[in-house]
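These notes are about the structure you will find just below.
The values are calculated or read from the model by the stated rules, or taken from the named source; none is laboratory data. This is a predicted model, so every value here is computed, not measured. Cβ placement follows ideal geometry from the backbone for every residue including glycine, while neighbour counts extend to all protein chains displayed. What goes into the accessible areas is simple: the full protein's heavy atoms, side chains included, and nothing from ligands, DNA or RNA. Shrake-Rupley method; radii C 1.70, N 1.55, O 1.52, S 1.80 Å.
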Amino acid sequence: MTGSLFKGNFWTSDILSTIGYDSIIQHLNNGRKNCKEFEDFLKERASIEERYGKDLLSLARKKPCGQSETNTLKRALEVFKQQVDNVAQSHIHLAQTLREEARKMEEFREKQKLLQKKTELVMDAAHKQKSLQFKKTMDAKKNYEQKCRDKDEAEQAVHRSANVANPKQQEKLFVKLATSKTAVEDSDKVYMLHVNTLDKVRNEWQSEHIKACEVFETQECERINFFRNALWLHMNQLSQQCVTSDEMYEKVRKSLEMCSIEKDIEYFVNHRRTGQTPPAPIMYENFYCPQKNAAPPGKATGPNSARRGPLPNPKSLPDDPDYSLLDNNYSLIYQ
């Protein structure tokens with residue numbers, strides 16, 4: 001940039017006015033304020049990233065997640081937990097990076113502030129000198145004009161007293177006229193001197209104003225460029241965070257591709273099997289015929305083995321020798 005836009009567009013016809021210069025200063029101050037806002041944004045984003053990273057880290061390290069799984073799925077879960085841990089670490093690292101970027105923005109902002117202040121001091125002195133000399137020039141002008149009016153009045157008084165016979169009065173009027181003419185000449189010289197000095201001061205101020213405009217325009221170009229690059233870099237950092245996280249998640253996806261349902265089932269069977277022989281059928285056991293229906297040795301009996309079954313119907317007459325009558329009831333006599 002040549003610095004030609006500022007120096008060609010911030011003038012005013014009023015020699016005492018600083019509205020153009022003040023407009024530039026206000027713009028520069030707003031620019032630094034915007035940098036400060038972005039700096040604070042980065043710091044707040046860094047705090048958010050750090051909190052998220054720490055919470056995610058705590059989740060990955062303390063919260064159980066499929067801890068009783070086995071074989072290939074277990075390995076995939078271990079990769080999953082490790083990569084979540086890595087993602088958490090990357091967010092914490094991003095927080096540190098953002099704080100570093102905020103620090104760079106702060107340093108740049110302070111550097112611009114000092115540079116602007118240095119130029120402002122020169123311009124403030126130029127404005128003060130210009131205003132002071134303008135006041136002196138205007139005072140000298142007023143004095144010169146008053147002396148001119150005094151001389152004119154003295155001349156009129158001399159003309160009015162031309163027919164006056166008193167020589168003393170005429171002499172006084174002539175002395176006053178001569179004095180007023182000398183005062184006019186002296187005040188005119190002083191006035192001209194102040195005008196010349198004011199013009200010199202004005203030229204110096206104008207030169208300093210041009211220099212300031214060039215410095216400020218260059219400074220503003222640097223600020224916009226720095227701010228733009230900082231924002232661009234911030235977007236790259238966030239994009240890289242997404243890429244990094246996706247790379248870590250991709251490792252989890254790859255580990256899941258290695259997970260074998262058949263192998264995990266086989267692994268479980270091989271390590272937790274309890275036997276290949278199912279239990280034998282539970283046989284019916286007649287309470288009255290234990291020899292015939294006795295359960296195999298070492299096997300449990302049926303659930304009704306302890307309960308007495310119904311009495312069998314007699315197959316012979318009551319006077320059969322296998323039965324005996326007791327109190328008019330039949331009872332079975334075992335052989």
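Only one of the numbered conditions (1) in contact (Cβ under 8 Å) with a residue 24 or more places away in the chain; (2) open to solvent by less than 70 Å² (accessible area, probe 1.4 Å) is violated by residue 207, and that is (1). With respect to (1) open to solvent by 40 Å² or more (accessible area, probe 1.4 Å); (2) farther than 20 Å from residue 214 by Cα; (3) touching a helix residue (DSSP H, G or I) at 6+ places or on another chain (Cβ under 7 Å); (4) not β-branched (Val, Ile, Thr), the lone exception for residue 5 is condition (2). Can you find even one residue in segment 188-198 that is outside any loop (DSSP other than H, G, I, E, B), open to solvent by less than 40 Å² (accessible area, probe 1.4 Å), within 30 Å of residue 114 (Cβ to Cβ) and modelled with pLDDT of 95 or more? Checked against the condition, which is being outside any loop (DSSP other than H, G, I, E, B), open to solvent by less than 40 Å² (accessible area, probe 1.4 Å), within 30 Å of residue 114 (Cβ to Cβ) and modelled with pLDDT of 95 or more, segment 188-198 yields no hits at all.
Scan segment 216-258 for residues that are among the basic types (Lys, Arg), surrounded by 13 or more Cβ atoms within 10 Å (Cβ to Cβ) and under 30 Å from residue 85 (Cα atoms) and report the count. Can you show your working first?
Step one: list which residues in segment 216-258 are among the basic types (Lys, Arg), which gives 223, 228, 251, 253-254.
Going one step further and asking which of them are surrounded by 13 or more Cβ atoms within 10 Å (Cβ to Cβ), we end up with 223, 251, 253.
Add one more test, that the residue is under 30 Å from residue 85 (Cα atoms), and what stays is 251, 253.
The number of residues fulfilling the criteria is 2.
Conditions (1) part of a helix (DSSP H, G or I); (2) modelled with pLDDT under 95, marked per residue:
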| site | (1), (2) |
| --- | --- |
| 80 | yes, yes |
| 87 | yes, no |
| 97 | yes, no |
| 126 | yes, no |
| 132 | yes, no |
| 136 | yes, no |
| 165 | no, yes |
| 176 | yes, yes |
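Looking only at residues of segment 56-78 that are part of a helix (DSSP H, G or I) and polar (S, T, N, Q), we find that the one that is surrounded by the fewest Cβ atoms within 10 Å (Cβ to Cβ) is 58. Here residue 52 meets each of (1) under 26 Å from residue 254 (Cβ atoms); (2) modelled with pLDDT under 95; (3) of a type in the set (Ser, Thr, Tyr) with one exception, condition (2). Here residue 36 meets the list (1) closer than 27 Å to residue 255 by Cα; (2) in a helix (DSSP H, G or I); (3) open to solvent by 20 Å² or more (accessible area, probe 1.4 Å) almost entirely, failing just condition (1). Under the condition of being touching a residue at least 12 places away in the same chain (Cβ under 8 Å) and either touching a Pro at 6+ places or on another chain (Cβ under 9 Å) or charged (D, E, K, R) (or both), the residues counted in segment 164-185 number 2.
Residues that are open to solvent by 90 Å² or more (accessible area, probe 1.4 Å), assigned to a helix (DSSP H, G or I) and in contact (Cβ under 8 Å) with a residue 12 or more places away in the chain: does segment 44-53 have at least one?
As a first pass, look at segment 44-53 and keep what is open to solvent by 90 Å² or more (accessible area, probe 1.4 Å): 44, 51-52.
Now restrict to residues that are assigned to a helix (DSSP H, G or I): 44, 51-52.
Subsequent filtering for residues that are in contact (Cβ under 8 Å) with a residue 12 or more places away in the chain retains 52.
Within segment 44-53 (the criterion being open to solvent by 90 Å² or more (accessible area, probe 1.4 Å), assigned to a helix (DSSP H, G or I) and in contact (Cβ under 8 Å) with a residue 12 or more places away in the chain), the answer is yes, since at least one residue qualifies.
Scanning segment 102-136 for residues that are of a type in the set (Lys, Arg) and open to solvent by 70 Å² or more (accessible area, probe 1.4 Å) gives 103, 104, 111, 113, 117, 118, 128, 135, 136.
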